[in-house]
1. Report whether or not ILE210 is in contact with a helix residue (DSSP H, G or I) (Cβ under 8 Å, 6 or more places away or on another chain), of a type outside the set (Ser, Thr, Tyr) and free of Cβ contacts under 8 Å to residues at least 40 places away in the same chain.
2. For residues in region 145-158 being over 25 Å from ILE255 (Cα atoms) and in contact (Cβ under 8 Å) with a residue 40 or more places away in the chain, which is surrounded by the most Cβ atoms within 10 Å (Cβ to Cβ)?
3. Is it fair to say SER336 is within 21 Å of the chain's Cα centre (by Cα) and without any contact (Cβ under 8 Å) to a residue 60 or more places away in the chain?
4. Out of everything in region 278-322 that is touching a residue at least 24 places away in the same chain (Cβ under 8 Å) and of a type in the set (Lys, Arg), what residue ends up being surrounded by the most Cβ atoms within 10 Å (Cβ to Cβ)?
5. What pairs come out if I take residues in region 121-132 that are part of a strand (DSSP E or B) and pair them with residues that are aromatic (Phe, Trp, Tyr) and buried (at least 23 other Cβ atoms within 10 Å of the Cβ) whose C-beta lies under 9 Å away, six or more apart or interchain?
6. Taking the residues in region 223-246 that are of a type in the set (A, V, I, L, M, F, W, C) and outside any strand (DSSP E or B) as candidates, determine which candidate is modelled with the highest pLDDT.
7. When region 164-177 is examined, which residues are found to be modelled with pLDDT of 90 or more and surrounded by fewer than 21 Cβ atoms within 10 Å (Cβ to Cβ)?
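The values are calculated or read from the model by the stated rules, or taken from the named source; none is laboratory data. Fair warning: this is a prediction, and the values are worked out from it, not measured in the lab. So basically every Cβ, Gly included, is an ideal-geometry build from the backbone, and we count neighbours across all protein chains shown.
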Amino acid sequence: MEHHFRGEERDMNVWRSIKPGALLVLLTMLFVIPFGCERKSSSQTIGFPKSFADLAEKVTPAVVNISTTSTVKVPGNPFRHFFGNDEDNEDNPLGELFKHFHENMPDREMKQQSLGSGFIISKDGFIITNNHMVEGSDEIKVKISDGRELKAKVVGRDPKTDLALLKISSLFENLPVLALGDSEKIRVGDWVLSVGNPFGLEHTVTQGIISATGRVLGSGPYDNFLQTDAPINPGNSGGPLVNLKGEVIGINTAIVSGGQGIGFAIPSALAKSVVAQLRAKGRVVRGWIGVSMQSVTPEIARSFGLKEPRGALVGDLDLEGPAAKGGIKQGDIIVSYGGHTLKSANDLPRLVAETPIGKNVPVVVIRDAKELHVTLKIAELSEEKAASQVQAEAPVQSLGMKVDSLSEQLRQQAGISEQSGVVVTEVEQGGSAEEAGVLVGDVIMEVNRKPIKSLADYNAALVAARRGFPLLLLLKRGNQSRYASLER
């Protein structure tokens with residue numbers, strides 16, 4: 001024990017003999033240098049940039065600010081739905097008074113302005129932005145980086161992917177441009193910059209990472225969004241999301257209301273094919289195989305003898321469609337399309353849509369726990385087929401409610417007197433519909449001031465609605481009418 005204490009005393013004497021300056025150098029070598037080396041190594045591994053200034057300087061000149069003006073109608077009589085119909089007013093003198101006072105007031109027109117973003121993709125003035133930015137616009141103006149404001153025309157729009165192609169005058173030479181990169185190579189965690197016009201603040205640059213890929217938001221059958229935490233705000237719509245090479249890998253399009261650091265962009269891989277068709281034909285032609293499908297849940301997978309959920313389960317078949325003619329049957333699970341393995345049902349509509357019309361595509365299905373190989377000749381998706389396809393799609397569910405046709409049976413069960421419209425059959429707890437005060441049994445009479453007589457009208461109205469804007473519903477509940485505004 002005595003020897004142990006003497007050893008400690010010698011150690012203390014050694015430390016006392018070291019000069020303060022030498023001690024400082026020694027501590028620096030022990031702690032500062034290894035820590036610095038670790039940071040350098042980590043920085044090289046992660047690729048953390050020292051600054052985004054050079055990238056921002058390269059990208060921002062090709063980003064434009066877009067302002068639109070559109071005409072909207074507002075009711076001349078704001079009380080027209082508050083006093084019911086003539087039968088309701090028989091014993092309501094106040095209702096009859098207001099009815100006669102306001103019945104001759106015509107609807108009024110008002111000008112509505114919107115601000116957004118876009119970016120130039122060619123020196124002759126083609127610009128990519130969001131469809132919801134320009135849909136229904138009377139006038140579109142584009143402000144380029146040198147301060148000039150130019151009128152733009154719509155070359156083509158695609159509501160299903162929320163993309164639009166604009167054109168400004170080609171008299172201006174050497175316009176700055178951005179190239180569309182390959183979003184298929186982007187990985188979760190990769191650095192990105194977002195450039196746009198949030199709240200009218202021109203050429204705002206924000207930085208973040210890719211938070212997720214392949215996000216499905218319920219906005220349509222071709223959902224496949226990139227998620228990012230780079231701040232995106234109103235006015236960023238249509239602006240570019242770029243990688244560290246300055247290539248556009250996404251077009252900013254949506255945010256989560258009230259969410260922090262949750263924004264979504266349309267992948268450039270999807271935008272390339274859509275924009276190419278808009279530029280060539282002014283519209284997008286999509287493939288069609290004539291099936292309705294649903295996701296394969298773990299329970300369904302087990303019942304079909306699958307080890308894990310995958311693929312798209314075929315529900316209904318159009319007997320005149322390519323799938324039925326090619327040998328696919330109801331209850332088949334499509335697990336591969338054109339060599340692409342389907343992880344979920346969401347993969348199939350996008351792949352089919354991108355397939356050239358008339359092309360023969362190899363498809364693998366599972367039937368009775370066995371793999372079968374068939375070949376489908378892809379047909380064109382017409383507007384009529386698209387409208388029927390929307391009926392079971394996610395836009396209905398994304399509002400936090402489900403609706404159904406107003407059948408005679410439903411009218412009798414719920415005591416509904418209306419002969420047209422769609423009835424709310426389910427309201428999701430905590431969803432947009434519940435927050436807006438929608439109840440089960442409400443009859444939807446209008447969507448965004450458009451009369452709804454059938455489920456087809458309702459679905460068509462949802463497709464036509466501008467993404468990012470609230471939906472205005474006119475509801476009939478008993479003898480009362482009320483409006484509800486739903487966030488999408």
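1. Values: in contact with a helix residue (DSSP H, G or I) (Cβ under 8 Å, 6 or more places away or on another chain): no; of a type outside the set (Ser, Thr, Tyr): yes; free of Cβ contacts under 8 Å to residues at least 40 places away in the same chain: yes.
So ILE210 fails the test.
2. ALA152
3. Criteria not met by SER336.
4. For region 278-322, the residue satisfying everything is ARG286.
5. Pairs found: ILE127/PHE119; ILE128/PHE119; THR129/PHE119.
6. Filtering region 223-246 for residues of a type in the set (A, V, I, L, M, F, W, C) gives 225-226, 230, 232, 241-242, 244.
Of the ones still in play, those that are also outside any strand (DSSP E or B) are 230, 232, 244.
On the way: ALA230: 92, ILE232: 88, LEU244: 95.
The residue in question is LEU244.
7. Within region 164-177, LYS167, PRO176, VAL177 qualify.
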